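Everything below concerns the one structure shown next.
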Amino acid sequence: MLMELTLTNDTTNLSYWLTWKFLLCAIWVFTSMVIASYLIWKYEGSTNTDNYKEVKQQERVWFNYDSEAWMPCIKGIHPAWLLTFRIISFCLLLAAGTSDVAIHGTDLFFYYTQWTLSLVTFYFAFGSVLSAYGCLRQHKRYDVGEEQELLLPLTHEENTKSQQGKSHFLLTASFWGYVFQIMFQMIAGAVMLTDSVYWIVMAPFLTVVGYEMGFLTVVAHSLNLVLLLGDTALNSLDFPWFRISYFLLLTSFYVLFEWILHAFVATWWSYPFLDLSVEYAPLWYLIVALLHLPCYTIFLLVVKLKYHILSRRFPDAFQSLR
């Protein structure tokens, strides 16, 4: 997978960075970060806790995040099936990732692909833990003989009847469900970006200059998307558009990482289009930045299409908390 390019410019020299190309590329990157930060501040900001109605609404939202993390979108599917799928997916991705690192070394972590693969692997590990919690919670509700729908989240009244320790536990679980949903949306865009850039740009054109296209490389740019789409088909996670902000921040932090690395170490660029010395570097950076929109939108449409089909074709079996 690795391709060590000939160094035509010493990136540790100050002259490499004091150019109009770097200035323009920096504008693209930091503008993306500012936009992403504004979206997070606007839509993820804390609510006014002085208003009792808003507090109750926020509690219901938190409990929705709790159940969305482990509840399948079809009533007939037991949460244990989603748990099983996530465990198998985690094992497959972990095996692929560790094998790739064992063969090519830790230099793989210079690649955005490896960042994405690691995050997807962690997503399935995290999701397995939350699914196990959901199965345990459902099993306990069966044991106590509650007559309510077992797959629905606990209501505010249900929570107030609980002991304080149990209430705190449920709120904690809801918080991690909320974090899990953010991770789901972030890696969805990242997976779409890495796989599309690889198959559309790198695989057809860069193999002629020695870019290795081995089995593990193909797996790293396909298995992640296949497994994530499988999880998407089963889960109940929502996909609000504004969380493209986390996707933008992930890519921006990767670019900053590459810049800092090359400022101190004269090494090859993981992706040729990141090299600031190429003639059209600002254009490449702008193109990659704009690619975030279709990559995220395509996955958003997949999720919306799933819910549309389920609600129209299977209204009795479909369940959603939103």
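The values are calculated or read from the model by the stated rules, or taken from the named source; none is laboratory data. Keep in mind that this is a model prediction, so the values were computed, not measured. Cβ atoms come from the backbone with ideal geometry, glycine included; neighbour counts cover every protein chain shown.
What the table below lists for this structure:
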{"item": "Some residue of segment 259-267 being at pLDDT 95 or above and surrounded by 16 or more Cβ atoms within 10 Å (Cβ to Cβ)", "result": "yes"}
{"item": "All positions within segment 267-322 that are out of contact with any helix residue (DSSP H, G or I) (no Cβ under 7 Å at 6 or more places or on another chain), more than 30 Å from Ser15 (Cβ to Cβ), in a helix (DSSP H, G or I) and not small (Gly, Ala, Ser)", "result": "Leu293, Pro294, Thr297, Leu301, Lys304, Leu305, Tyr307, His308, Ile309, Leu310, Arg312, Arg313"}
{"item": "Complete set of residues in segment 156-209 that are modelled with pLDDT under 80, of a type in the set (Val, Ile, Thr) and surrounded by 13 or more Cβ atoms within 10 Å (Cβ to Cβ)", "result": "Val201"}
{"item": "Neighbours by Cβ (under 6 Å, 6+ apart or cross-chain): first from segment 276-290, in contact (Cβ under 8 Å) with a residue 24 or more places away in the chain and farther than 19 Å from Ala263 by Cβ; second in a helix (DSSP H, G or I) and among the polar types (S, T, N, Q)", "result": "Ala289/Ser32"}
{"item": "Looking only at segment 47-77, and only at residues there that are surrounded by 14 or more Cβ atoms within 10 Å (Cβ to Cβ) and in a loop (DSSP other than H, G, I, E, B), the one that is modelled with the lowest pLDDT", "result": "Lys75"}
{"item": "Selection status of Thr113, farther than 21 Å from Ser131 by Cα and either touching a strand residue (DSSP E or B) at 6+ places or on another chain (Cβ under 6 Å) or surrounded by 21 or more Cβ atoms within 10 Å (Cβ to Cβ) (or both)", "result": "yes"}
